[in-house]
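First the structure, in the form of structure tokens, and then the observations on it.
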Amino acid sequence: MTPTVFARPPSSSALLFSDRHPAAGVLTGGGFVSTMSNTETTMSAQLIHDLVPLGSIVTYSDGSPRPPERHRKKLAAWENRNSGGRLIRKQAETRIGNATLPASITLHKGDYGSQGTIVLRVHQTFSVNSDLKFAVKERPAIGSVLVLERPGEDAELVYLASHRADAEEWLSRHGYPNAVLQEVTADAVAADTVEGRAAA
């Protein structure tokens with residue numbers, strides 16, 4: 001199944017990849033370049049949805065070799081299936097009329113802009129039935145704080161703060177009146193790590 005890419009202008013939010021928590025990968029022109037190796041433990045999209053915490057850096061790959069730079073169309077198609085980003089949302093299975101939409105995960109792949117101004121934010125959503133292989137490059141640091149746009153299990157992560165004061169200061173500048181703050185605890189990170197290794 002082909003992943004869905006969303007490219008949209010930024011809302012009132014600022015950089016999701018804060019200076020204090022940079023993405024664990026290479027940002028090229030605002031995009032995320034996959035750094036998955038052959039020795040990494042891979043997971044399915046379903047396991048990422050079930051076990052991996054929001055704020056984690058996740059890469060994905062179809063296992064195919066990178067085409068030469070001169071093959072631009074092939075390279076663009078390859079990059080759509082071999083990249084990564086920060087996990088910002090998990091959505092449960094949804095029924096719309098007689099149709100059922102499978103659960104999904106969404107990654108924030110990068111921001112495009114210049115001189116400190118973001119003009120385009122790129123998100124990519126994957127069904128839990130995706131045939132791609134995923135790997136967790138980095139989990140949010142213990143003590144960091146997730147700023148979610150609203151309550152609810154499918155809320156979107158809009159900022160990863162280094163601590164609560166940082167989260168509150170960011171919210172004072174960017175709004176989100178229904179935002180929820182969730183501190184990352186040692187127990188949560190340990191549980192996710194152990195369960196993820198066992199499932200993989």
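The values are calculated or read from the model by the stated rules, or taken from the named source; none is laboratory data. Just so you know, these numbers come straight off a predicted model, no measurement behind them. Don't worry about glycine lacking a Cβ; one is built from the backbone with ideal geometry, like all the others, and counts go over all protein chains shown.
Remarks
- For the stretch 42-142, the strands (runs of 3 or more DSSP E) that sit wholly inside it and include 1 or more residues that are within 24 Å of Tyr159 (Cα to Cα), in contact with an Asp or Glu (Cβ under 6 Å, 6 or more places away or on another chain) and at pLDDT 95 or above are 57-61, 83-91, 133-138.
- Of the numbered criteria (1) closer than 17 Å to Leu47 by Cβ; (2) touching a residue at least 60 places away in the same chain (Cβ under 8 Å); (3) touching a His at 6+ places or on another chain (Cβ under 9 Å), the one Phe134 fails is (3).
- Condition check for Thr193: polar (S, T, N, Q), modelled with pLDDT under 90, under 30 Å from Asn82 (Cβ atoms) and under 20 Å from the mean Cα position of the chain (by Cα): yes
- Here is the figure for the stretch 129-183: residues that are crowded, with 20+ Cβ neighbours inside 10 Å, β-branched (Val, Ile, Thr) and either closer than 17 Å to Thr106 by Cβ or out of contact with any helix residue (DSSP H, G or I) (no Cβ under 6 Å at 6 or more places or on another chain) (or both) total 3.
- Residue within the stretch 51-64 that is among the charged types (D, E, K, R), touching a residue at least 60 places away in the same chain (Cβ under 8 Å) and closer than 24 Å to Ala167 by Cβ present: no
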